[in-house]
Structures are given as structure tokens and as C-alpha cells.
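Student: Structure provided below as C-alpha cells; questions to follow.
The values are calculated or read from the model by the stated rules, or taken from the named source; none is laboratory data. Source: prediction; values computed, not measured. With ideal geometry, Cβ positions are generated from the backbone for all residues, glycine too; neighbour counts draw on all protein chains shown.
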């Protein structure tokens, strides 16, 4: 997220953070949040590098890399991981990656998983429309720091200067699409267990697919499907989920984002924003502020500290 010169730039990850913990988002916006490269996230980054290498080879030369080149790329990514681990450039989250060697093994397994389970689906596709690691940055709308008077509305209509007044803020959405081909967005996930991703949860709660579908709609004029490819860390488990976005999904997404944008601009960053509940996402695994003992989330005072955690029981 970036807010300067009257423009609020929002990334889809900012929207997920706002849903889970607005205060963490505020700390990131002000630069107060310790946001290092996490070990599990870095495995995803290395896997993405392997996939990019393969896709660009196929798009530019119309062939997939040879087995020797694939192994060489994996070796290169493992060496990079080892160097970052030894130089303490990777934040080691509790209960995630136990050792440098385990991380290297996870990287190789994730790369092989993609090659065996995802790549065959792209063998016969025309590469003409392929977009790989495609950046987007599009205008979403305007918001105002105060209410507009009837007189201002009349002047705006008469002079055709819609929204052209003091304290106007532009809202823009940006992000990076992993892979677009044959009217479909593909996104790679290297999770701990692929089976944990359920389609109904993605359709109801996930916002990434709708943001990315909207971006392609801005660029190409139609709403694409969105496929999540889930490759479990350390195993050959693979699962995919197809999300079929509709205009209604996109309109709801835009409405939610504009409401968040209005809240951000109105509240400013001087005061604390609401915290996520302590019994939900708030943990050392997800938040470095929690891991450093700086925050424990929002505690519901209705329940004593030793009460049964009802939220987790209902999952």
C-alpha cells in the first residue's frame, strides 16, 4: 500500500490484510512494521522463479527446458536459499521450516510438483497471448475526504468537472498476475497442505481472484476464469480450484475496496486502527509484531483468558 500525492495505491494483499487486521496494514503504511522475507513465503518465491524460467522458455523458444536445465535451475534456487538462510536474511517463523536442508528439499519438491501436475496442461496451448508475471496498475475510482454539497454537485454537472475539487483522492489497484493463457488466470500456491483449500471458501472469502479478473477485464475487455494451483510443501500433493468470476463478484469487490479506501483516507495513520481478534489470525506464524511480543491482537473481554476458544471449535 502507498498513499501519497493524492493517490492511494492498493495491492490485493493489502485487502487481505485489512480484512484480517487493519492495524497491521496501518503499520505497514507508516513503515513501522517489521516485514521480512519469511521462510515459507521464500519457498513460494523460489518456486515462482522456477515456473517463470519454464514458461518464458516455452513462450520465447516454443520448447520446454531440457531435464538438465531444469535440475540446474533447481540447484541454483537451492544455493540462493542456503545463502539467504546462512546470512539470516530469512525470518524463521515458528513451526514452519526447521532447517536449511528442509527448505531446500521443499523447494525441489514444489518445482517437481508443478512440472508433473501443472505443466502438462499448457503443452498444447498457443503461446501468443501468454502473460507471465504480468504487472497491472489501474484506476478504480475517486473518494473525497468530506461530503459533497448540493451546490458543488450542481457546479460539477454544469461545468463537467466531476470530482474536481479539494481533497479528492484517486484509488488505484495494482498487482502481479502469475500466468494468463487461453482466457484463464493461473496462480501458484505452495501451501503446507493443498487439501486445505476449499472452493466454497475461495468463492466466498477470497478477493484475489476477483481483483485479477477485474484487471484483465480492464485490459482485454472480458472476465476470465481463475485457477488456483495448490502444491503442498514437502509432498507431491496437488489440487486446483477453478473460480468463475462474474460481474456481480467484481462489482462487490470494487464496492468493498472503495469503502476501505474511504476509511483509510478519513482515519489517517496517526491513530491506531482496529486490531484483528487474538483468537483468529493473530499469531507468531502470521504476524512479526506478534512474534516480537509487540502485539497480541484484540482480546474479547467478555471471556476470561482461560475460556474455551469457541471460534476455533466452530471451524
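Conditions (1) surrounded by 16 or more Cβ atoms within 10 Å (Cβ to Cβ); (2) without any contact (Cβ under 8 Å) to a residue 60 or more places away in the chain; (3) under 14 Å from residue 257 (Cα atoms), marked per residue:
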| position | (1), (2), (3) |
| --- | --- |
| 3 | yes, no, no |
| 10 | yes, no, yes |
| 26 | yes, no, no |
| 34 | no, no, no |
| 40 | yes, no, no |
| 47 | yes, no, no |
| 50 | yes, no, no |
| 53 | yes, yes, no |
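Student: While we're looking at this one, here's another question. Search the range 264-278 for residues being touching a residue at least 40 places away in the same chain (Cβ under 8 Å) and in a helix (DSSP H, G or I), and hand back the single one that is nearest to residue 142 (Cα to Cα).
Tutor: Looking at the filtered set, the residue picked out is 265.
Student: Is it true that some residue in the range 60-73 is surrounded by fewer than 16 Cβ atoms within 10 Å (Cβ to Cβ) and closer than 19 Å to residue 283 by Cα?
Tutor: There is no residue in the range 60-73 that is surrounded by fewer than 16 Cβ atoms within 10 Å (Cβ to Cβ) and closer than 19 Å to residue 283 by Cα.
Student: Going by the conditions given, is residue 227 more than 30 Å from residue 99 (Cα to Cα), under 18 Å from the mean Cα position of the chain (by Cα), assigned to a helix (DSSP H, G or I) and at pLDDT 90 or above?
Tutor: The answer is no for residue 227.
Student: Report yes if residue 310 is under 19 Å from residue 175 (Cα atoms), surrounded by fewer than 18 Cβ atoms within 10 Å (Cβ to Cβ) and at pLDDT below 80, otherwise no. Outline the logic, then answer.
Tutor: Details: under 19 Å from residue 175 (Cα atoms): no; surrounded by fewer than 18 Cβ atoms within 10 Å (Cβ to Cβ): yes; at pLDDT below 80: yes.
It is false that residue 310 is under 19 Å from residue 175 (Cα atoms), surrounded by fewer than 18 Cβ atoms within 10 Å (Cβ to Cβ) and at pLDDT below 80.
Student: If you don't mind, there's one more thing I want to ask. Can you spot a residue in the range 73-87 that is more than 14 Å from residue 179 (Cα to Cα), modelled with pLDDT under 95 and in a loop (DSSP other than H, G, I, E, B)?
Tutor: Yes; the residues of the range 73-87 include at least one that is more than 14 Å from residue 179 (Cα to Cα), modelled with pLDDT under 95 and in a loop (DSSP other than H, G, I, E, B).
Student: Does residue 97 qualify as being in a helix (DSSP H, G or I), farther than 30 Å from residue 267 by Cα and not assigned by TED's automatic domain parsing to the domain that holds residue 282?
Tutor: No; evaluated as a whole, the condition is false for this residue.
Student: Another one. Restricted to the range 167-192, and to residues that are in contact with a strand residue (DSSP E or B) (Cβ under 9 Å, 6 or more places away or on another chain) and in a loop (DSSP other than H, G, I, E, B), which residue is modelled with the lowest pLDDT?
Tutor: Residues of the range 167-192 in contact with a strand residue (DSSP E or B) (Cβ under 9 Å, 6 or more places away or on another chain): 167-181, 183-191.
Keeping just the survivors that are in a loop (DSSP other than H, G, I, E, B) gives 167, 183, 190-191.
Details: 167: 68, 183: 94, 190: 88, 191: 77.
Among them, the one singled out is 167.
Student: Next question. With respect to residue 278, is the statement that it is more than 16 Å from residue 18 (Cα to Cα) and crowded, with 17+ Cβ neighbours inside 10 Å true?
Tutor: no
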